[in-house]
Structure formats: C-alpha cells, structure tokens
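Asks: Questions regarding the structure given below will be posed in turn.
The values are calculated or read from the model by the stated rules, or taken from the named source; none is laboratory data. Remember, it's a predicted structure, so these values are computed and weren't measured experimentally. Backbone-built Cβ (ideal geometry, glycine too); neighbour counts: all protein chains shown.
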C-alpha cells in the first residue's frame, strides 16, 4: 500500500508517517523497485497502535522506548507490560480530570438553563 493510501486509511498525514519512520517508530517500510514506500499489513497494524497510543497521550519518547524493548525480544515482556500499565494509570487519571470538568460544565449549563426558564416564566406571567 502506498503512503497516500496508508495516510488515508490511518487518518495520519503523509508527513506524520514519514516522521514516524524517520525517528524509528516505524521500522523502515519496504520500498518498490522505484523507491515508493509499500506499507504491509504489519506496518499498518503498527501505525494503528502508534495512533492509538498517541491519542491516549503517550509521548513519542515512551513509544520509542517501548518499541526498542520489543526489538530486544521476549526478555523485555515485563518491562513492556510495565510501560503500558504506567501509561494506563496516567490515562485513567486524565480521564477522571476530564470527567470532573464535564460534570462542572454540565452543572453550569443547567444553572443557565434554569435561569432562562425563570425569565421565560416571569415574562409569561
């Protein structure tokens, strides 16, 4: 699959895909005889994982560390698992903060809706 197709499928820009390859998040993508990138199914699964982890807030540096451990083999399974557990803990904390913010926004919206209802009732009287 060409980079433009990989970009369309993943929702990431061509520049982002090239950047991820340049910094080592994506291993060197195979190229055709003409030098055009040819993304495999495995490459796309890795792109999806990277996208998911970045959406969850993982820094690029953490992903680089994680993939370096993957390359070292099964002896690093516990270390990789620990990275994912640490990141899950951080994500849960951010989600709790966001829930508090959402609750506050909902409360404030309700306050304004109640104020509008009072004014409308007053005008109707």
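Asks: Do we have residue 18 as surrounded by 14 or more Cβ atoms within 10 Å (Cβ to Cβ), farther than 29 Å from residue 89 by Cα and not assigned by TED's automatic domain parsing to the domain that holds residue 88 here? Steps first, answer last, please.
Replies: Details: surrounded by 14 or more Cβ atoms within 10 Å (Cβ to Cβ): yes; farther than 29 Å from residue 89 by Cα: yes; not assigned by TED's automatic domain parsing to the domain that holds residue 88: yes.
Yes; evaluated as a whole, the condition is true for this residue.
Asks: Kindly indicate which of 69, 91 is more than 16 Å from the chain's Cα centre (by Cα), part of a helix (DSSP H, G or I) and surrounded by 11 or more Cβ atoms within 10 Å (Cβ to Cβ). Please lay out each step first, then the result.
Replies: Numbers: 91 fails: more than 16 Å from the chain's Cα centre (by Cα).
It is 69.
Asks: Looking at residue 47, is it surrounded by 13 or more Cβ atoms within 10 Å (Cβ to Cβ), touching a residue at least 40 places away in the same chain (Cβ under 8 Å), within 30 Å of residue 6 (Cα to Cα) and touching a helix residue (DSSP H, G or I) at 6+ places or on another chain (Cβ under 7 Å)? Explain how you work it out, then say what you get.
Replies: Working: surrounded by 13 or more Cβ atoms within 10 Å (Cβ to Cβ): yes; touching a residue at least 40 places away in the same chain (Cβ under 8 Å): yes; within 30 Å of residue 6 (Cα to Cα): yes; touching a helix residue (DSSP H, G or I) at 6+ places or on another chain (Cβ under 7 Å): yes.
Yes; evaluated as a whole, the condition is true for this residue.
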